[in-house]
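Student: The structure follows.
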Amino acid sequence: MALKTYCASAHRKKDLQVEVKARDFSIIVDEPENSGGTNTGMNPVEILLCSIGACQTITAVIFADFYGITLEDIQVEVTGEMDSDGFFGNDPSIRPGFQKLHSVFHIKSTAPKMQIVQLLKMVEKSCPVGDSISHGVVLDEPELDLIS
């Protein structure tokens, strides 16, 4: 088994602004002003959508190269539907997260359409972020470390 562990951290900067870090990189995460933030960065669910789109794009490029498919251009748009009544607990029957996600691949290639369709099937099957969301992942109970 080739198990690899990834690690990221999140640290509140001020108000709802959070700095997230992984390896040598960081991103500011925030909420729009109409949600109580200062609009200095994407919010967490937007970053999740970006992660899916980026992972699908990278997966498509890797498999296209593997199968000898030339991709002149690729762009992935990801949209998600979420009901805020789930987050705020207004309706216990509604999940707090996304109910549905949808991706649209814009691809420019000289490859036959059937090859591109097969490529997208490989992306759907192999994208780690998409798999984690669509098949669920165990989310351990958080540990607490009180800072003194």
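Student: Would you mention how many residues in the stretch 72-91 are in a strand (DSSP E or B) and exposed (fewer than 11 other Cβ atoms within 10 Å of the Cβ)?
Tutor: Summing the residues that are in a strand (DSSP E or B) and exposed (fewer than 11 other Cβ atoms within 10 Å of the Cβ) in the stretch 72-91 gives 2.
Student: Taking only pairs six or more apart or across chains, which ones have beta-carbon atoms under 7 Å, a first residue in the stretch 121-133 that is closer than 19 Å to GLN99 by Cβ and of a type outside the set (Ser, Thr, Tyr), and a second residue that is open to solvent by 80 Å² or more (accessible area, probe 1.4 Å) and in a helix (DSSP H, G or I)?
Tutor: From residues that are closer than 19 Å to GLN99 by Cβ and of a type outside the set (Ser, Thr, Tyr), the pairs are GLY130/GLU124.
Student: Go through the stretch 14-23 residue by residue and tally those that are more than 14 Å from ASN43 (Cα to Cα) and surrounded by 11 or more Cβ atoms within 10 Å (Cβ to Cβ).
Tutor: So the answer is 2.
Matching residues to (1) on the phi > 0 side of the Ramachandran plot; (2) of a type in the set (Ser, Thr, Tyr); (3) touching a Cys at 6+ places or on another chain (Cβ under 6 Å):
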site	(1), (2), (3)
MET42	no, no, no
GLN56	no, no, yes
PHE66	no, no, no
GLY89	yes, no, no
ALA111	no, no, no
LEU144	no, no, no
SER148	no, yes, no
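Student: Could you please let me know if LEU144 is surrounded by 15 or more Cβ atoms within 10 Å (Cβ to Cβ) and either within 30 Å of SER9 (Cα to Cα) or touching a residue at least 12 places away in the same chain (Cβ under 8 Å) (or both)?
Tutor: Judged against the criteria, LEU144 is not a match.
Student: Within the group GLY80, GLY37, GLY89, which residue is modelled with pLDDT of 95 or more and farther than 21 Å from ILE133 by Cβ?
Tutor: Residue meeting the stated conditions: GLY37.
Student: Scan the stretch 24-39 residue by residue and report those that are open to solvent by less than 80 Å² (accessible area, probe 1.4 Å) and either hydrophobic (A, V, I, L, M, F, W, C) or more than 19 Å from the chain's Cα centre (by Cα) (or both).
Tutor: ILE28, VAL29, SER35, GLY36, GLY37, THR38 - these are the residues of the stretch 24-39 that are open to solvent by less than 80 Å² (accessible area, probe 1.4 Å) and either hydrophobic (A, V, I, L, M, F, W, C) or more than 19 Å from the chain's Cα centre (by Cα) (or both).
Student: Could you give me the residue pairs with C-beta distances under 6 Å whose first residue belongs to the stretch 54-80 and is under 26 Å from GLN99 (Cβ atoms), whose second residue is open to solvent by 90 Å² or more (accessible area, probe 1.4 Å) and outside any helix (DSSP H, G or I) wherever it lies, and which are 6+ apart or on separate chains?
Tutor: Cβ pairs passing all conditions: THR79/HIS102.
Student: Does THR59 satisfy being open to solvent by 50 Å² or more (accessible area, probe 1.4 Å), modelled with pLDDT of 95 or more, more than 21 Å from GLU81 (Cα to Cα) and not acidic (Asp, Glu)?
Tutor: no
Student: Still on this structure, please answer the following. Being free of Cβ contacts under 8 Å to residues at least 12 places away in the same chain and surrounded by 10 or more Cβ atoms within 10 Å (Cβ to Cβ) is the filter here, so list the residues in the stretch 97-116 that pass it.
Tutor: Answer for the stretch 97-116, where residues must be free of Cβ contacts under 8 Å to residues at least 12 places away in the same chain and surrounded by 10 or more Cβ atoms within 10 Å (Cβ to Cβ): just PRO112.
The values are calculated or read from the model by the stated rules, or taken from the named source; none is laboratory data. If you're wondering where the values come from, they're calculated on a predicted model, not measured in any experiment. So basically every Cβ, Gly included, is an ideal-geometry build from the backbone, and we count neighbours across all protein chains shown. The area values use the complete protein model at the heavy-atom level, side chains included, leaving out ligands, DNA and RNA. Shrake-Rupley method; radii C 1.70, N 1.55, O 1.52, S 1.80 Å.
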